[in-house]
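Remarks on the structure that follows.
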């Protein structure tokens, strides 16, 4: 049996990206929460920097005491964010790709989508992080409504804390994960498939190539984004009622941490970040490919139109 060429429209590819994003979001949430806590607990209750191993132990203690709450923390806003975050980002991604006449997203599409969608994405990320700030003391996840009530008293301005580092994070994520990984995956697929073009072999090769490409790309992505992610955590985990931490102060804290603890201080959460990136990126593209396959079958059966 020959392989059916992927002839999905950009709208259908957009839907496939959303499907992959939903699968990835559910599966990687515990790792996402654990990584944030490692970075969040860089300071003790007195506001002093602590050794990275102490922060790691604190994060572990939270998960040991409240495994379910910690694992599910932030999942609701993240799932809502599949719509509020991913629709604008993927919309801009495929919209710019269409305007530039490209078949697949390129660097221009990735950068444009990251910048233009940042103000839609940031409130969701802020709420997600705010849900976890009391886990260490109360063991409970803060409700989304409580966070919104606090933000409302400040005209919702706190929800946009950390937007600037988010733009940088999003650009790095899009260029490596949405552009670089698929291009590398296609190259690896061609090497794995060779002259054997059976559907079964091709399907296995796509999954294998996806995992290999994600494993190669993830360390590059994490190295680029870990310090930026740390800036987001510093700016987004302070109390909404308190004065916002500006980017300059967050940078000073990061520099101070690196002076006190070297690279371990500057790259807190890097190790678990690598694991998270490989799992997240692999699941996203595996979910995307599964969604594309389902849409293609629906096209072939005449259930939906490809145009």
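The values are calculated or read from the model by the stated rules, or taken from the named source; none is laboratory data. This structure is a prediction, so every number in the text was calculated from the model and none was measured. With ideal geometry, Cβ positions are generated from the backbone for all residues, glycine too; neighbour counts draw on all protein chains shown.
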Point to revise | Residue list for the range 257-292, filter: over 17 Å from the mean Cα position of the chain (by Cα), in contact (Cβ under 8 Å) with a residue 12 or more places away in the chain and over 16 Å from residue 53 (Cβ atoms) | key: 289, 290, 291, 292
Review point. Given (1) at pLDDT 90 or above; (2) buried (at least 18 other Cβ atoms within 10 Å of the Cβ); (3) not in a loop (DSSP other than H, G, I, E, B), where does residue 178 come up short, assuming only one miss?
Key: (1)
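Considering only helices (runs of 4 or more DSSP H) fully contained in the range 94-155, which possess at least 3 residues that are in contact with a helix residue (DSSP H, G or I) (Cβ under 7 Å, 6 or more places away or on another chain) and either surrounded by fewer than 22 Cβ atoms within 10 Å (Cβ to Cβ) or in contact (Cβ under 8 Å) with a residue 12 or more places away in the chain (or both)? Even if it seems obvious, please write down each step before you answer.
Working: elements: 107-116, 118-130, 135-138, 144-152.
The qualifying helices (runs of 4 or more DSSP H) are 107-116, 118-130, 144-152.
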Review point. For the range 50-87, how many residues are touching a helix residue (DSSP H, G or I) at 6+ places or on another chain (Cβ under 7 Å) and in a loop (DSSP other than H, G, I, E, B)?
Key: 5
Exercise for review: Hey, can you tell me all the residues within the range 233-248 that are part of a helix (DSSP H, G or I) and surrounded by 12 or more Cβ atoms within 10 Å (Cβ to Cβ)?
Suggested key: 233, 234, 235, 236, 247
Review point. With respect to residue 47, is the statement that it is surrounded by fewer than 18 Cβ atoms within 10 Å (Cβ to Cβ), assigned to a loop (DSSP other than H, G, I, E, B) and at pLDDT below 90 true?
Key: yes
